[in-house]
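Right, one structure below, let's go through it.
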Amino acid sequence: MKQKQNRSFTVADRLVINVDQALRTLFGRPLVTERPNPAEKCAESELPEAQRDHVARLMRINHTGEVCAQALYQGQALTARREEVRRSMERSAAEENDHLDWCEQRVEELGGRLSILNPFWYASSFALGAAAGLAGDKWSLGFVAETEKQVEGHLEDHLAQVPESDCRTRAILEQMKEDEIRHGQTAKAHGGAELPDPIKAAMKLTSKLMTTSVYRL
């Protein structure tokens with residue numbers, strides 16, 4: 001479903017929209033774009049039980065990562081100062097919704113479950129995104145670019161762990177990786193600034209905390 005961008009929203013409107021988006025992200029079905037699930041072109045593969053459980057947990061991590069991405073983009077779009085930046089954030093958020101939906105479907109197919117920590121990670125990421133937006137568009141965009149760079153490495157690591165025979169999971173991860181690279185490039189093209197090394201290190205530490213906790217819970 002395409003979201004219309006042909007009207008202006010007040011801050012109050014955007015807050016209501018963000019509450020709706022949070023509820024859809026955490027407890028319902030997200031509003032996706034017109035793109036089909038990349039896994040549709042692949043047949044299901046037979047995996048040993050232990051391997052199937054591991055892949056399901058990896059996809060649970062990816063799902064929570066998309067929950068965080070959705071919250072980040074929504075928070076940044078809420079506080080963005082330039083309209084073109086806001087529109088870019090909102091389009092990227094819509095594509096992240098695709099990822100969210102695809103990951104949830106794959107977790108269910110593998111017999112896994114979603115993380116019980118998703119509400120915590122959504123709230124934390126939304127606050128972080130809003131703060132980045134308040135710091136200024138160049139820093140907000142720089143935050144997006146660095147986030148997507150780190151996500152790209154994270155997806156490459158998961159692809160290395162997913163069996164070649166698991167075409168459905170790999171198709172989703174490959175499309176996600178392609179999208180994340182494009183989102184990062186778009187953020188740089190709109191003027192994203194290079195973040196200081198301590199902030200990059202803090203982002204990596206937070207990501208490690210998220211992946212470790214969500215793999216278990």
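The values are calculated or read from the model by the stated rules, or taken from the named source; none is laboratory data. What you see is a predicted model; the values in this text were computed from it and never measured. Just so you know, the surface numbers come from the protein's heavy atoms only, side chains and all, with ligands and any DNA or RNA stripped out. Shrake-Rupley method; radii C 1.70, N 1.55, O 1.52, S 1.80 Å.
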(request) Please provide three numbers in whole Å: the alpha-carbon extents of the stretch 99-210 along the principal axes, with the largest listed first. (result) 43, 29, 22
(request) Starting from the Cα gyration tensor of the stretch 156-217, take the square roots of the eigenvalues, sort them a ≥ b ≥ c, and report rounded, prolate or oblate (rounded when a/c is under 1.5, otherwise prolate if a/b is larger than b/c, else oblate). (result) oblate
(message) Expected output is a single nm value to one decimal: the length gained when fully extending between Phe120 and Lys138, i.e. 0.36 nm times separation in residues minus the C-alpha distance. What is it?
(response) 3.8 nm
(request) For Lys200 and Glu49, compute 0.36 nm times the residue count separating them, minus their Cα-Cα distance, and round to one decimal in nm. (result) 50.7 nm
(message) As a test of reading the structure, rank Thr212, Thr169 by solvent-accessible area (1.4 Å probe, protein chains only), most first.
(response) Thr212, Thr169
